[in-house]
1. Can you compute the FRET efficiency between THR41 and ALA91 using 1/(1 + (r/R0)^6), with r the Cβ-Cβ distance and R0 = 35 Å? Round to the nearest 0.05.
2. Please list the non-local residues whose amide H lies under 5 Å from the amide H of ALA83, H modeled 1.01 Å from N, same-chain partners needing a gap of 5 or more.
3. Placing unit charges on C-beta atoms (Lys and Arg positive, Asp and Glu negative, everything else neutral), compute the dipole magnitude of the chain about its Cα centre in debye, rounded to 20.
4. Which one, ILE42, ILE75, ILE34, has the greatest fluctuation when you compute a Gaussian network model over the chain with C-alpha springs under 10 angstrom?
5. Below 8 Å, C-alpha to C-alpha, sequence gap of six or more: please give me the relative contact order for segment 37-121 in percent.
6. Could you tell me which label, among [x] 1.17; [y] 1.27; [z] 0.98, carries the value of Rg/Rh (Cα atoms, Kirkwood Rh) calculated for this structure?
7. Do the sum for the chain: with -39,500 (n - 2.57) for every DSSP H run of n ≥ 4, divided by all residues, what is the mean residue ellipticity at 222 nm, to the nearest 500 deg cm²/dmol?
8. What FRET efficiency do you get for ALA117 and SER49 if R0 is 22 Å and r is their Cβ-Cβ distance, rounded to the nearest 0.05?
Amino acid sequence: MEVPEIIKTEFDAFRDLAAKLEITDKKNNTIKLIIGDALQTIDKLPDNSFDRVFFDPFSPGKQPEMWSEEIFQQIFEKMKTAAKLSTYSCAKWIRTNMINTGFTVLDGPKIGRKSPATIAIK
């Protein structure tokens, strides 16, 4: 991933900090922030290991490859049974890609807009 020179120092510092960030609470819930190109990073993650996925790439118009059936299939494989994915998009073709992958798709909350978010359950 190429980082513009103007923000390289800050990006490198944030990436190094995020690599060390792993929070576990008293109920054994863990939040881990992974920095990197999702298309390259996802293959390195273990299958059946995530309870929740917050999916927040750039818009489908700017980054359509992140909204493909292939990426949803990869995410699906990384999620545990009954795990949930949430995203801001509710575009029909994106929801269709999720359904074709095996997700059950539901409306999420409407936050500051007319259309609902999307919740996808494995």
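1. So, using R0 = 35 Å, E works out to roughly 0.90.
2. Those qualifying (amide H under 5 Å, at least 5 residues apart or on another chain) are LYS122.
3. Dipole about the Cα centre, nearest 20: 720 debye.
4. Top of the fluctuation ranking is ILE34.
5. The value is 29 percent.
6. It is the one labelled [z].
7. Helix-only estimate at 222 nm: -8500 deg cm²/dmol.
8. The computed FRET efficiency comes out at 0.40.
FYI, it's all coordinate maths here, none of it is from the lab. Note that the structure is predicted; figures quoted are calculated from it, not measured. Note that we place each Cβ from the backbone using ideal geometry, even for glycine, and neighbour counts take in every protein chain shown.
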